[in-house]
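> I'd like to ask some things about the structure below.
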Amino acid sequence: MPEIEAKRILLLGLGSNGNEILREVREKIRWEFGDPDALRWIRCLGVETHSGTRELEPVDTLYITMEKEPYQSVLRNPGQYQEQLRLEDWLDVARVRSAGMDAVTTGAGNNRMIGRLALLMSTNFGNVYQAIQQRLDQLFQLTARDAESALEAAFAGTKWEVQFTESDVEIITVGTLCGGTCSGTFIDIGYLLRRIAGQMSSTGGTSRKVETRGIFTLPAKGVLNGLHGANAFAALTELDFFSDTINRYRIKYPDEARDRDYLGETPYDRTFLVEAGGTDIAAVHRLNNVVSHYLYARAMFPPVRRSTDGKAIDGVASHFDQVSRCGAPQRYLTFGLANLEYPTRQIRRACSARLISETLGEWLKPMTNDADPLWLRRSSLDEGKIRGILLKAGDRSVFDGVTDILNRNSAAAALSTLGETIHTLPNVFSTTDPNAAPFGDLEVELIRKTVRGNWMAAYAAVVEEWRKRVELLLSGG
């Protein structure tokens with residue numbers, strides 16, 4: 001029985017790159033398990049300002065767009081939103097207009113303020129809040145048996161054992177700091193997760209612990225797109241400020257009447273920064289692939305979690321109050337990745353399919369006169385067992401049919417021939433003449449009709465017998 005030591009994880013992708021990373025995680029699950037939804041303990045949510053993005057399934061994608069009228073209304077009169085969003089404190093209308101956008105439906109235009117504005121608009125914010133909370137509720141309610149049932153359904157009934165050794169749920173937010181959507185929202189999202197985690201910390205008398213991680217990609221040194229470099233610089237400046245626990249984060253959420261303050265709390269429990277190895281688009285995709293591999297490995301393999309948790313990295317975190325020789329703060333983590341994949345499950349399934357194919361191929365070959373009569377006995381499917389399968393029609397055996405036929409004849413004839421008929425019945429299967437009818441109506445009406453009507457049942461029984469044998473061999477039995 002395959003065993004998995006699982007961890008409940010919510011993956012949150014911000015912007016196009018974040019959604020691409022989540023899609024690659026799901027593709028890895030699909031490749032190994034056939035159905036990405038088979039792993040119920042890994043949930044995804046993509047948040048995107050581009051309504052044309054289709055990286056994830058619609059049910060896992062949340063578009064925080066703004067149509068032309070509401071968007072232009074904000075730019076014409078930001079003061080009317082001061083009470084709700086404090087726009088006059090942070091929105092530079094002239095800078096936003098310079099992006100040349102009539103609406104926010106095709107992305108944030110590499111403008112961080114547009115990305116933040118789209119997130120904090122009342123309807124969008126409410127949808128994001130609800131989607132995150134809903135997925136967290138589902139993960140906390142997920143039992144090991146629920147997870148096993150989903151896997152068994154994906155693997156045609158194969159039994160699995162899933163263990164949750166940790167009761168908490170981890171939220172990992174991913175995206176790039178180069179564009180407008182993630183770069184403009186990742187700080188607000190981090191503190192929103194803290195708000196949700198605080199509200200869920202004790203629900204229904206059950207302790208619900210939520211841990212957060214942020215993994216954000218940076219442009220390579222010498223990036224050619226000036227906006228990407230500027231966005232990353234501004235995002236890192238903000239991240240550095242709020243990662244210093246002496247600073248305060250203040251936010252006016254659209255669903256609350258008063259401002260909310262966070263003092264002494266960083267946006268995420270742990271923040272990772274990873275940099276592309278080149279300035280071309282291929283380097284960006286390679287980096288996204290590295291992040292997706294890390295996420296998948298963290299969700300599936302306990303050794304990976306142990307090597308990137310707690311004591312394994314606390315030694316690094318102890319230096320967060322220090323600065324480098326250049327005077328730069330050291331408040332972030334990073335990782336590299338080298339992996340060698342050995343697709344155990346795919347190899348096992350391929351061997352199973354090949355064995356079953358070869359086995360059934362032998363069964364389908366015509367029997368020759370010089371066939372080894374002991375072969376069936378060695379396979380535990382002897383002639384008597386097969387004959388029993390063929391002669392059984394539902395709940396009625398062939399001998400029930402014999403009785404019906406004989407009852408239509410005279411009682412004397414029935415009594416005189418019943419014993420002989422039953423005794424010699426197996427000889428029907430050894431006749432060399434397929435048109436011969438040794439017992440007249442009995443053979444034509446009953447034997448052939450029963451055999452022909454049940455050949456599918458016999459076939460299914462043979463396949464089931466060999467499936468059990470293959471499973472036994474693969475499990476080491």
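The values are calculated or read from the model by the stated rules, or taken from the named source; none is laboratory data. This one's a predicted model, so the numbers in the text were calculated from it and none came from an experiment. Because the Cβ atoms are built from the backbone with ideal geometry, glycine has one as well, and the counts that use them run over all protein chains shown. For accessibility, only protein heavy atoms count, side chains too; no ligands or nucleic acids. Shrake-Rupley method; radii C 1.70, N 1.55, O 1.52, S 1.80 Å.
> So for the pair Gln199, Ser352, with labels modelled 7 Å out along Cα→Cβ, what separation do we get in nm?
Taking the simple label geometry, Gln199 and Ser352 are separated by 4.3 nm.
> Another question, then. Give me the mean projected area, in nm² to one decimal, of the convex hull enclosing the Cα positions of the stretch 83-192. Write out the running numbers ahead of the final one.
Working: hull surface 39.8 nm².
Reported value for the Cα convex hull: 10.0 nm².
> In addition: Which of Lys28/Lys68; Lys159/Lys209; Lys221/Lys252; Lys7/Lys468; Lys7/Lys28 have a Cα-Cα distance over 27 Å? Don't jump to the answer; show the numbers that get you there.
On the way: Lys28/Lys68 38 Å; Lys159/Lys209 30 Å; Lys221/Lys252 36 Å; Lys7/Lys468 31 Å; Lys7/Lys28 17 Å.
Beyond 27 Å: Lys28/Lys68; Lys159/Lys209; Lys221/Lys252; Lys7/Lys468.
> Over the heavy atoms of Cys178, what accessible area does a 1.4 Å probe trace out, to the nearest 10 Å²?
Its heavy atoms expose roughly 20 Å² to the probe.
> Would you rank Trp31, Trp90 by solvent-accessible area, highest first, keeping every protein chain in place and using a 1.4 Å probe?
Numbers: Trp31 140, Trp90 55 Å².
Greatest to least solvent exposure: Trp31, Trp90.
> Provide the per residue accessible area, probe 1.4 Å, for the stretch 122-227, rounded to a whole number of square angstrom. Before the final figure, lay out the partial values.
On the way: 4010 Å² over 106 residues.
About 38 Å² of surface per residue is accessible.
> Nearest 0.05, what FRET efficiency do Ser307 and Asp280 give at R0 = 41 Å with Cβ-Cβ as r? Display every interim value, and only then the final one.
Working: r = 31 Å, r/R0 = 0.75.
Step by step, r from the Cβ atoms, then E = 0.85.
> Probe 1.4 Å, all protein chains in place: accessible area of His50 in Å², nearest 10?
Counting only protein heavy atoms, His50 exposes about 60 Å² to solvent.
> For the stretch 28-156, which whole-number percentage of the solvent-accessible area (1.4 Å probe, protein heavy atoms only) is attributable to carbon and sulfur atoms?
Working: 2590 of 5730 Å².
Answer for the stretch 28-156: carbon and sulfur cover 45 percent of the accessible area.
> For Thr334 and Gln133 in one chain, what is 0.36 nm times their gap in residues minus the Cα-Cα distance, to one decimal in nm? Show your work: numbers first, answer last.
On the way: separation 201, 0.36 × 201 = 72.36 nm, distance 2.81 nm.
69.6 nm is the gain from fully extending Thr334 to Gln133.
> Take the stretch 75-123, drop everything but the C-alpha atoms, weight them equally and run the Debye formula without solvent; then report log10 I(q)/I(0) at 0.15, 0.17, 0.18, 0.24 Å⁻¹ to two decimals.
-0.36, -0.46, -0.52, -0.94
> Given H placed 1.01 Å from N in the peptide plane, which residues other than close sequence neighbours of Ile171 have an amide H under 5 Å from its amide H?
Correct list: Leu10, Glu211, Thr212, Arg213.
> Another one. In the calculated pair distance distribution of the stretch 1-135, what percentage of Cα-Cα distances lie above 27 Å? Before the final figure, lay out each step's value.
On the way: 2781 of 9045 pairs.
The proportion of pairs with Cα distances above 27 Å equals 31 percent.
> Show the residues, 5+ positions off or on another chain, whose built amide H is closer than 5 Å to the amide H of Leu62.
Those lying under 5 Å, H to H, from Leu62 are Gly46, Val47, Glu48.
> Ranked from the most accessible area to the least, with a 1.4 Å probe and all protein chains present, what is the order of Leu218, Leu236? The partial results should precede the final answer.
Numbers: Leu218 30, Leu236 50 Å².
Ranking Leu218, Leu236 by accessible area, largest first, yields Leu236, Leu218.
> Can I ask one more? If you rank Ile251, Ile246 by how much accessible surface each has, with a 1.4 Å probe, what is the order from largest down?
On the way: Ile251 5, Ile246 130 Å².
From most accessible down to least: Ile246, Ile251.
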